[in-house]
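The values are calculated or read from the model by the stated rules, or taken from the named source; none is laboratory data. Just so we're clear, the structure is a prediction, and the values are computed from it rather than from any experiment. As a convention, Cβ positions derive from the backbone with ideal geometry for all residues, glycine included, and neighbour counts pool all protein chains shown. With ligands, DNA and RNA removed, areas are computed over all heavy atoms of the protein, side chains included. Shrake-Rupley method; radii C 1.70, N 1.55, O 1.52, S 1.80 Å.
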Amino acid sequence: QEQLVESGGGLVQPGGSLSLSCAYSGTLFNIYVMGWYRQVPGKHRELVATVTSDGLTKYADFVKGRFTISRDNANKMGYLQMNSLKPEDTAVYYCKLDSGWKNYWGQGTQVTVSS
C-alpha cells in the first residue's frame with residue numbers, strides 16, 4: 001500500500017537530462033506543496049524545488065535555470081525535469097508531499113551523473 005513512488009532515476013552523463021516522476025495515491029488529496037529533495041551520504045536532505053497547488057515554484061540556487069518542477073493535481077503526479085546535469089547533482093532524489101497537516105515521503109530514486 002505505497003502512497004508515494006518516485007521513478008525516473010538512473011545514470012546519465014554530465015550535461016545530460018533526466019526526468020523524475022512522483023506518483024501518489026488517490027487517497028492523498030489537498031496536497032498544498034509538493035517538493036523534490038535530494039540527499040547524498042553524509043549530508044542532510046536538501047531542498048531542490050517546490051511547487052504549490054497554485055503553481056508557485058521555487059528552486060534552490062544550485063538548480064535554478066536547469067531544473068523544472070511541475071505537477072498534475074488531477075492525475076496526482078509530480079515531475080522534476082533535470083537538464084544540464086552535473087556530477088554534483090548525484091544523489092537520491094525524494095518526492096515530498098505536504099498536505100498542510102502531514103508530510104509524505106517517497107522511497108527515493110537514485111540519480112547518478114557520471115561519465
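Translational D (Stokes-Einstein, µm²/s) of the stretch 19-82 at 25 °C and 0.890 mPa s when Rh comes from the Kirkwood sum over C-alpha pairs?
199
Which percent of Cα pairs goes in each bin when the distances of the stretch 60-115 are cut into 5 angstrom slices starting at zero?
Histogram of Cα-Cα distances, whole percents per bin: 4, 15, 22, 26, 18, 10, 4, 1, 0.
Tell me the net charge near Gly9. Cut-off is 12 Å between Cβ atoms, Gly9 excluded, with +1 for each Lys or Arg and -1 for each Asp or Glu.
Values: positive: Arg38; negative: Glu6, Asp89.
Here the count lands on -1.
For the chain, what is the accessible area per residue in Å², given a 1.4 Å probe and the full set of protein chains?
That works out to 54 Å² per residue.
Determine the gain in length on full extension of the stretch Phe29-Ser99; use 0.36 nm per residue of separation and subtract their C-alpha separation, reporting nm with one decimal. Don't jump to the answer; show the numbers that get you there.
Working: separation 70, 0.36 × 70 = 25.20 nm, distance 0.73 nm.
Separation in residues times 0.36 nm, less the Cα-Cα distance, equals 24.5 nm.
Determine the dipole magnitude for the chain: charges of +1 sit on the beta-carbon of Lys and Arg, -1 on that of Asp and Glu, nothing else is charged, the reference point is the Cα centre, and the result goes in debye to the nearest 20. Don't skip to the answer; put the middle values down first.
Working: 11 positive and 9 negative charges, 26 e Å.
The dipole of the chain has a size of about 120 debye.
On average over all directions, what projected area in square nanometres does the chain have, based on the convex hull of its Cα atoms? Don't skip to the answer; put the middle values down first.
Values: hull surface 27.9 nm².
In nm², the orientation-averaged hull projection of the chain is 7.0.
First compute the accessible area of the chain with a 1.4 Å probe, then give the percent of it belonging to carbon and sulfur atoms. Walk me through the numbers before you get to the answer.
Working: 3030 of 6150 Å².
So the carbon and sulfur contribution to the accessible surface is 49 percent.
What's the extension gain from Ser19 to Ser53 if we count 0.36 nm per residue and subtract their Cα-Cα distance?
On the way: separation 34, 0.36 × 34 = 12.24 nm, distance 2.03 nm.
Here the answer is 10.2 nm.
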